[in-house]
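S.K.: I have a structure here, written as structure tokens, and I will follow up with some questions on it.
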Amino acid sequence: MSAFLAIIFLSLNVGQSGGAIKPVVTFTPNWGNILYHDNVTITCDVPSTVPEEPRTYHWYRNQTKIEGGQQNLHIIRSSVGRDSGDYQCQTIGGDISDPVFLNVTINYVILQRPPSAIYEGDPLTLRCHHVKDFNSINTKFYKDDQEIKPSESDSTFHIPNITRSQSGRYKCTKQIHRYDITNVIERSDESFISVKGKLKPTVTDSPGTGGFEGDAMLTDYGPWHLGEQCSL
């Protein structure tokens, strides 16, 4: 890549307030939906181009500032009303991150998926997760009502490089029972997985400008506006 293109693409990741680069909110484990009383760590990832520590972090849930001045937020024994919502973070003098949604739910079984958008070529892992204090057997996965992976013990389904044709309604079923009770019940959950096309930026030189034509570049998947992030 030429030095000119490298500078242009770096500038597209720069936020509007003071030229700061947006941090990114990530979850560990990397699930956008969890069960009541599950634990999760939420991290404010700052690009390496931003000056090193020490940094002060601000955290927001549903656009309201919450306690936490460190890079990580540790949610222990999550609660539906207290912990569900859009999470954002910000460093002093920097832009605020894009929101990432955490859904805490009460259920026997949930089909867990990553919190971020899924793009063509990305790896995708789904997990059939059950409530604590229960044993489980006979986990099965389905896509559009067709069984895709029967399993006796493995509660995950993995696609190394997902394609847009693999978009669809995914479902898992699992037989569960309490440790102290032998009666088995079957529970299920489903989620629609939409695979987005990767952005493919192109550069066009307008006569006499030597730069981009207009304020958007057309790609295979529609307009890409300056200021949006691009993965090279």
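S.K.: Of the residues 40, 46, which is farther than 30 Å from residue 131 by Cα, surrounded by 15 or more Cβ atoms within 10 Å (Cβ to Cβ), in contact (Cβ under 8 Å) with a residue 40 or more places away in the chain and touching a strand residue (DSSP E or B) at 6+ places or on another chain (Cβ under 8 Å)?
M.R.: Unique residue meeting the criteria: 46.
S.K.: Might you let me know whether the stretch 63-80 holds any residue that is out of contact with any Pro (no Cβ under 6 Å at 6 or more places or on another chain), farther than 29 Å from residue 131 by Cα and part of a strand (DSSP E or B)?
M.R.: yes
S.K.: Moving to a separate point now. In the stretch 91-107, is there at least one residue being open to solvent by 50 Å² or more (accessible area, probe 1.4 Å), part of a loop (DSSP other than H, G, I, E, B), touching a residue at least 60 places away in the same chain (Cβ under 8 Å) and closer than 15 Å to residue 30 by Cβ?
M.R.: no
S.K.: Which residues, taken from the stretch 108-129, are open to solvent by 40 Å² or more (accessible area, probe 1.4 Å) and in a strand (DSSP E or B)?
M.R.: The answer is 119, 125, 127.
S.K.: Can you find a residue in the stretch 40-57 that is modelled with pLDDT under 95, among the aliphatic types (A, V, I, L, M) and outside any strand (DSSP E or B)?
M.R.: yes
S.K.: A further question follows. Kindly provide the set of residues from the stretch 143-179 that are within 16 Å of residue 108 (Cβ to Cβ) and part of a loop (DSSP other than H, G, I, E, B), ordered by number.
M.R.: 155, 179
S.K.: Hey, another quick one. Could you please find all residues in the stretch 101-137 being at pLDDT below 95, among the polar types (S, T, N, Q) and over 15 Å from the mean Cα position of the chain (by Cα)?
M.R.: 135, 136
The values are calculated or read from the model by the stated rules, or taken from the named source; none is laboratory data. Not measured: the values here are computed from a predicted model. With ideal geometry, Cβ positions are generated from the backbone for all residues, glycine too; neighbour counts draw on all protein chains shown. Side chains are part of the model used for accessible areas, which takes the heavy atoms of the whole protein and leaves out ligands, DNA and RNA. Shrake-Rupley method; radii C 1.70, N 1.55, O 1.52, S 1.80 Å.
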